[in-house]
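The values are calculated or read from the model by the stated rules, or taken from the named source; none is laboratory data. Computed from a predicted structure; not experimentally measured. Heavy atoms of the whole protein, side chains included, go into the accessibility calculation; ligands, DNA and RNA do not. Shrake-Rupley method; radii C 1.70, N 1.55, O 1.52, S 1.80 Å.
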Amino acid sequence: MTAPALLLLELVALFFGVSFAIQLLQRRLGDDRLRAWMGGPPPVAALKGIAVGFITPFCTYSAIPMLVGLRQAGVPAAGYVAFIVAAPVLDPVLFGALVLIVGLTAAITYLLVAFTAAFALALAAERINITRWLKPLPASLLSTLECSSEGTPTLDDDAACDALPNTTPWRGLTTEAPHAARAATTLLRSMAPLLLVGVAIGLAITELLPASTAARITGVSDVFAIPVAAALGTPMYVNTGLFVPIADSLGAAGVSTGAIIALTIAGAGANVPEFVILGRLAQFRLVGAFFGYVFLIAIVGGLLAEAIVA
(Lines give C-alpha, C1' and ligand atoms only; values in the text may rest on other atoms or scores of the structure.)
Protein backbone atom coordinates (compact mmCIF):
# COMPACT_ATOMS: atom_id res chain seq x y z
CA MET A 1 0.00 0.00 0.00
CA THR A 2 1.38 3.42 -0.97
CA ALA A 3 2.18 6.14 1.59
CA PRO A 4 -0.75 8.41 0.52
CA ALA A 5 -3.15 5.48 0.79
CA LEU A 6 -1.85 4.63 4.25
CA LEU A 7 -2.19 8.25 5.34
CA LEU A 8 -5.75 8.42 4.02
CA LEU A 9 -6.64 5.19 5.83
CA GLU A 10 -5.11 6.56 9.02
CA LEU A 11 -7.08 9.82 8.70
CA VAL A 12 -10.35 7.98 8.04
CA ALA A 13 -9.81 5.73 11.06
CA LEU A 14 -8.85 8.71 13.21
CA PHE A 15 -11.85 10.73 12.01
CA PHE A 16 -14.23 7.86 12.76
CA GLY A 17 -12.62 7.11 16.13
CA VAL A 18 -12.78 10.71 17.30
CA SER A 19 -16.37 11.04 16.07
CA PHE A 20 -17.36 7.86 17.92
CA ALA A 21 -15.65 8.97 21.14
CA ILE A 22 -17.15 12.46 20.98
CA GLN A 23 -20.65 11.06 20.48
CA LEU A 24 -20.28 8.80 23.51
CA LEU A 25 -18.78 11.60 25.62
CA GLN A 26 -21.50 14.03 24.64
CA ARG A 27 -24.19 11.47 25.41
CA ARG A 28 -22.61 10.51 28.75
CA LEU A 29 -22.12 14.07 29.98
CA GLY A 30 -25.21 15.61 28.43
CA ASP A 31 -25.34 18.94 26.65
CA ASP A 32 -26.07 20.91 29.82
CA ARG A 33 -22.95 19.66 31.60
CA LEU A 34 -20.80 20.10 28.48
CA ARG A 35 -22.01 23.68 28.09
CA ALA A 36 -21.25 24.32 31.76
CA TRP A 37 -17.75 22.87 31.48
CA MET A 38 -16.95 24.75 28.26
CA GLY A 39 -18.97 27.87 29.01
CA GLY A 40 -18.57 30.96 31.11
CA PRO A 41 -17.67 34.53 30.11
CA PRO A 42 -15.95 34.72 26.70
CA PRO A 43 -12.38 34.93 28.12
CA VAL A 44 -13.02 31.90 30.32
CA ALA A 45 -14.66 29.93 27.49
CA ALA A 46 -11.73 30.80 25.23
CA LEU A 47 -9.19 29.57 27.79
CA LYS A 48 -11.13 26.33 28.19
CA GLY A 49 -11.22 25.83 24.41
CA ILE A 50 -7.47 26.41 24.18
CA ALA A 51 -6.83 23.99 27.04
CA VAL A 52 -8.89 21.27 25.34
CA GLY A 53 -7.11 21.96 22.06
CA PHE A 54 -3.72 21.67 23.76
CA ILE A 55 -4.37 18.34 25.47
CA THR A 56 -6.01 16.71 22.44
CA PRO A 57 -3.44 15.80 19.75
CA PHE A 58 -5.81 16.62 16.90
CA CYS A 59 -4.94 17.75 13.41
CA THR A 60 -7.56 19.75 11.55
CA TYR A 61 -9.43 16.71 10.29
CA SER A 62 -9.76 14.95 13.61
CA ALA A 63 -10.73 18.24 15.28
CA ILE A 64 -13.79 18.64 13.01
CA PRO A 65 -15.93 16.02 14.84
CA MET A 66 -15.13 17.78 18.12
CA LEU A 67 -16.14 21.11 16.58
CA VAL A 68 -19.43 19.61 15.40
CA GLY A 69 -20.06 18.15 18.87
CA LEU A 70 -19.36 21.47 20.60
CA ARG A 71 -21.72 23.26 18.27
CA GLN A 72 -24.38 20.58 18.82
CA ALA A 73 -24.10 21.05 22.57
CA GLY A 74 -24.52 24.82 22.32
CA VAL A 75 -21.03 25.69 23.60
CA PRO A 76 -20.31 29.44 23.31
CA ALA A 77 -18.56 30.54 20.13
CA ALA A 78 -15.46 31.64 22.05
CA GLY A 79 -15.01 28.07 23.27
CA TYR A 80 -15.24 26.20 19.97
CA VAL A 81 -13.38 28.87 17.96
CA ALA A 82 -10.50 28.78 20.46
CA PHE A 83 -10.48 24.99 20.22
CA ILE A 84 -10.42 24.73 16.42
CA VAL A 85 -7.61 27.31 16.24
CA ALA A 86 -5.54 25.85 19.09
CA ALA A 87 -5.92 22.12 18.39
CA PRO A 88 -3.61 21.86 15.34
CA VAL A 89 -1.00 24.46 16.35
CA LEU A 90 -0.70 24.03 20.12
CA ASP A 91 0.46 20.44 19.80
CA PRO A 92 2.86 19.37 22.58
CA VAL A 93 4.64 16.98 20.18
CA LEU A 94 5.06 19.74 17.60
CA PHE A 95 6.35 22.08 20.31
CA GLY A 96 8.90 19.49 21.41
CA ALA A 97 10.04 19.04 17.82
CA LEU A 98 10.48 22.79 17.43
CA VAL A 99 12.60 22.90 20.58
CA LEU A 100 15.00 20.46 18.92
CA ILE A 101 14.92 22.16 15.51
CA VAL A 102 14.97 25.90 16.32
CA GLY A 103 15.73 26.01 20.04
CA LEU A 104 13.73 26.60 23.22
CA THR A 105 13.45 30.40 22.88
CA ALA A 106 12.00 30.30 19.37
CA ALA A 107 9.69 27.40 20.30
CA ILE A 108 8.33 29.34 23.29
CA THR A 109 7.81 32.36 21.04
CA TYR A 110 5.81 30.12 18.69
CA LEU A 111 3.75 28.82 21.61
CA LEU A 112 2.96 32.31 22.93
CA VAL A 113 2.06 33.67 19.51
CA ALA A 114 -0.22 30.71 18.77
CA PHE A 115 -1.89 31.00 22.19
CA THR A 116 -2.46 34.76 21.82
CA ALA A 117 -3.81 34.35 18.30
CA ALA A 118 -6.31 31.67 19.38
CA PHE A 119 -7.42 33.69 22.40
CA ALA A 120 -7.83 36.95 20.46
CA LEU A 121 -9.74 35.32 17.60
CA ALA A 122 -12.06 33.54 20.04
CA LEU A 123 -12.95 36.82 21.73
CA ALA A 124 -13.47 38.51 18.38
CA ALA A 125 -15.72 35.65 17.22
CA GLU A 126 -17.90 36.05 20.29
CA ARG A 127 -18.05 39.81 19.92
CA ILE A 128 -19.13 39.80 16.27
CA ASN A 129 -21.56 36.91 16.81
CA ILE A 130 -19.80 34.54 14.44
CA THR A 131 -22.82 32.24 14.27
CA ARG A 132 -24.25 34.58 11.62
CA TRP A 133 -21.63 33.25 9.20
CA LEU A 134 -21.90 29.60 10.17
CA LYS A 135 -23.97 27.19 8.12
CA PRO A 136 -26.65 25.26 10.04
CA LEU A 137 -25.52 21.76 10.86
CA PRO A 138 -27.54 19.60 8.46
CA ALA A 139 -29.35 16.54 9.74
CA SER A 140 -26.72 14.29 8.15
CA LEU A 141 -24.10 15.72 10.53
CA LEU A 142 -26.15 15.42 13.68
CA SER A 143 -26.21 12.55 16.09
CA THR A 144 -28.74 9.85 15.29
CA LEU A 145 -29.49 9.90 19.00
CA GLU A 146 -30.79 13.45 18.67
CA CYS A 147 -32.58 13.25 15.36
CA SER A 148 -33.82 9.69 14.98
CA SER A 149 -33.57 7.80 18.26
CA GLU A 150 -36.46 5.92 19.77
CA GLY A 151 -38.94 8.25 21.37
CA THR A 152 -37.58 11.29 19.52
CA PRO A 153 -39.32 12.46 16.36
CA THR A 154 -37.13 12.59 13.25
CA LEU A 155 -36.68 16.17 12.08
CA ASP A 156 -36.21 17.11 8.45
CA ASP A 157 -35.65 20.81 9.17
CA ASP A 158 -31.91 21.47 9.52
CA ALA A 159 -32.21 24.47 11.82
CA ALA A 160 -34.68 22.74 14.13
CA CYS A 161 -32.52 19.64 14.30
CA ASP A 162 -29.47 21.79 15.02
CA ALA A 163 -31.22 23.29 18.03
CA LEU A 164 -32.67 20.06 19.39
CA PRO A 165 -31.21 19.39 22.86
CA ASN A 166 -29.76 16.00 23.75
CA THR A 167 -32.28 15.07 26.44
CA THR A 168 -32.47 11.28 26.15
CA PRO A 169 -30.99 9.74 29.34
CA TRP A 170 -27.78 7.72 29.11
CA ARG A 171 -28.70 4.06 28.59
CA GLY A 172 -25.39 2.31 29.17
CA LEU A 173 -22.37 1.76 26.96
CA THR A 174 -23.72 -1.41 25.35
CA THR A 175 -26.85 0.38 24.18
CA GLU A 176 -25.19 3.68 23.35
CA ALA A 177 -22.20 2.34 21.37
CA PRO A 178 -24.17 1.22 18.26
CA HIS A 179 -25.94 4.61 18.10
CA ALA A 180 -22.60 6.41 18.45
CA ALA A 181 -21.10 4.23 15.71
CA ARG A 182 -23.99 5.07 13.37
CA ALA A 183 -23.62 8.77 14.14
CA ALA A 184 -19.86 8.59 13.50
CA THR A 185 -20.45 6.74 10.23
CA THR A 186 -23.00 9.35 9.16
CA LEU A 187 -20.56 12.17 9.86
CA LEU A 188 -17.73 10.37 8.08
CA ARG A 189 -19.94 9.64 5.06
CA SER A 190 -20.93 13.29 4.86
CA MET A 191 -17.32 14.48 5.05
CA ALA A 192 -15.68 11.64 3.06
CA PRO A 193 -15.69 13.34 -0.37
CA LEU A 194 -14.21 16.50 1.11
CA LEU A 195 -11.69 14.43 3.05
CA LEU A 196 -10.55 12.69 -0.14
CA VAL A 197 -10.30 15.93 -2.12
CA GLY A 198 -8.59 17.82 0.68
CA VAL A 199 -5.97 15.16 1.39
CA ALA A 200 -5.28 14.70 -2.33
CA ILE A 201 -4.71 18.43 -2.84
CA GLY A 202 -2.64 18.85 0.30
CA LEU A 203 -0.43 15.84 -0.37
CA ALA A 204 0.04 16.83 -4.00
CA ILE A 205 1.23 20.28 -2.98
CA THR A 206 3.48 18.83 -0.31
CA GLU A 207 4.98 16.33 -2.77
CA LEU A 208 5.52 19.05 -5.37
CA LEU A 209 7.18 21.26 -2.77
CA PRO A 210 9.90 19.20 -1.08
CA ALA A 211 12.02 20.67 1.69
CA SER A 212 14.89 21.40 -0.70
CA THR A 213 12.64 23.49 -2.94
CA ALA A 214 11.12 25.31 0.04
CA ALA A 215 14.61 26.04 1.38
CA ARG A 216 15.71 27.42 -1.98
CA ILE A 217 12.61 29.64 -2.29
CA THR A 218 12.68 31.01 1.26
CA GLY A 219 16.42 31.60 1.03
CA VAL A 220 16.19 33.87 -2.01
CA SER A 221 15.86 37.05 0.07
CA ASP A 222 16.15 37.66 3.79
CA VAL A 223 13.53 40.40 3.52
CA PHE A 224 10.88 38.15 2.01
CA ALA A 225 11.88 34.84 3.60
CA ILE A 226 9.24 34.99 6.35
CA PRO A 227 6.20 36.04 4.26
CA VAL A 228 7.24 33.58 1.53
CA ALA A 229 7.48 30.81 4.12
CA ALA A 230 4.01 31.72 5.45
CA ALA A 231 2.63 31.67 1.90
CA LEU A 232 4.25 28.29 1.22
CA GLY A 233 2.90 26.80 4.43
CA THR A 234 -0.71 27.84 3.86
CA PRO A 235 -1.62 25.40 1.05
CA MET A 236 0.36 22.46 2.45
CA TYR A 237 -1.32 19.64 4.33
CA VAL A 238 0.75 19.40 7.49
CA ASN A 239 0.27 17.20 10.51
CA THR A 240 2.97 16.55 13.07
CA GLY A 241 4.22 13.38 11.41
CA LEU A 242 4.56 15.07 8.04
CA PHE A 243 5.85 18.40 9.25
CA VAL A 244 8.69 17.43 11.62
CA PRO A 245 10.95 16.03 8.87
CA ILE A 246 10.13 19.03 6.65
CA ALA A 247 11.06 21.54 9.36
CA ASP A 248 14.17 19.55 10.24
CA SER A 249 15.28 19.54 6.60
CA LEU A 250 14.68 23.29 6.36
CA GLY A 251 16.78 23.88 9.45
CA ALA A 252 19.57 21.71 8.07
CA ALA A 253 19.40 23.63 4.79
CA GLY A 254 20.07 26.90 6.61
CA VAL A 255 16.57 28.40 6.46
CA SER A 256 16.16 31.11 9.09
CA THR A 257 14.42 30.43 12.39
CA GLY A 258 11.75 33.04 11.62
CA ALA A 259 10.90 31.39 8.31
CA ILE A 260 10.58 27.97 9.96
CA ILE A 261 8.26 29.41 12.64
CA ALA A 262 6.15 31.16 9.98
CA LEU A 263 5.93 27.96 7.94
CA THR A 264 4.94 26.00 11.05
CA ILE A 265 2.13 28.37 12.04
CA ALA A 266 0.76 28.61 8.51
CA GLY A 267 1.12 24.92 7.74
CA ALA A 268 -0.42 23.68 10.98
CA GLY A 269 -3.03 26.43 11.35
CA ALA A 270 -4.37 26.78 7.80
CA ASN A 271 -4.13 24.67 4.66
CA VAL A 272 -6.12 23.94 1.52
CA PRO A 273 -7.63 20.69 2.86
CA GLU A 274 -8.82 22.56 5.95
CA PHE A 275 -10.37 25.22 3.72
CA VAL A 276 -12.33 22.53 1.89
CA ILE A 277 -13.58 20.91 5.10
CA LEU A 278 -14.46 24.14 6.95
CA GLY A 279 -16.34 25.34 3.88
CA ARG A 280 -18.89 22.65 4.75
CA LEU A 281 -19.53 24.29 8.11
CA ALA A 282 -19.10 28.03 7.49
CA GLN A 283 -19.47 30.57 4.71
CA PHE A 284 -16.38 30.78 2.51
CA ARG A 285 -15.99 34.49 3.33
CA LEU A 286 -15.51 33.57 6.96
CA VAL A 287 -13.12 30.73 6.12
CA GLY A 288 -11.16 33.07 3.85
CA ALA A 289 -10.93 35.68 6.61
CA PHE A 290 -9.68 32.98 8.98
CA PHE A 291 -6.97 31.97 6.53
CA GLY A 292 -5.90 35.59 6.12
CA TYR A 293 -5.69 35.90 9.89
CA VAL A 294 -3.51 32.80 10.20
CA PHE A 295 -1.26 34.08 7.40
CA LEU A 296 -0.73 37.39 9.21
CA ILE A 297 -0.12 35.63 12.53
CA ALA A 298 2.45 33.40 10.82
CA ILE A 299 4.33 36.46 9.60
CA VAL A 300 4.15 38.14 13.01
CA GLY A 301 5.32 34.98 14.75
CA GLY A 302 8.19 34.57 12.32
CA LEU A 303 9.31 38.19 12.72
CA LEU A 304 9.14 37.97 16.52
CA ALA A 305 11.10 34.73 16.61
CA GLU A 306 13.71 36.16 14.27
CA ALA A 307 14.06 39.35 16.35
CA ILE A 308 14.26 37.48 19.66
CA VAL A 309 16.70 34.80 18.53
CA ALA A 310 18.94 37.17 16.56
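Taking every pair of alpha-carbon atoms in the range 73-122, give the share separated by more than 17 Å as a whole percent.
Numbers: 463 of 1225 pairs.
More than 17 Å apart: 38 percent of the Cα pairs in the range 73-122.
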**Message:** Skipping prolines and chain starts, which residues have an amide H placed within reach, meaning under 5 Å, of the one on Ala282, given they are 5 or more residues away or on another chain?
**Reply:** Lys135
**Prompt:** At a probe size of 1.4 Å, how large is the accessible area of Lys48, to the nearest 10 Å²?
**Reply:** 60 Å²
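Report the convex hull volume per residue for the range 269-310, counting only C-alpha atoms, in Å³. Present the calculation step by step, with values, prior to reporting the outcome.
Working: hull volume 2.3 nm³, N = 42.
Cα convex hull per residue, to the nearest whole number: 54 Å³.
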**Asked** With all protein chains present and a 1.4 Å probe, how do Tyr80, Tyr293 order by accessible area, largest first?
**Response** Tyr293, Tyr80
**Message:** What are the ³J(HN,Hα) couplings of the range 109-126, residue after residue, when phi is run through the Karplus curve with 6.51, -1.76, 1.60 and θ = phi - 60°? Round to Hz, x for glycine and proline.
**Reply:** 4, 4, 4, 5, 5, 5, 4, 4, 5, 5, 5, 5, 5, 4, 5, 5, 4, 5
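Calculate how large, on average over all directions, the projected area of the Cα convex hull of the range 12-128 is; give the answer in nm² to one decimal.
Details: hull surface 28.9 nm².
Projected over every direction and averaged, the Cα hull of the range 12-128 covers 7.2 nm².
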**Asked** Ranked from the most accessible area to the least, with a 1.4 Å probe and all protein chains present, what is the order of Arg35, Arg27, Arg132?
**Response** Arg132, Arg35, Arg27
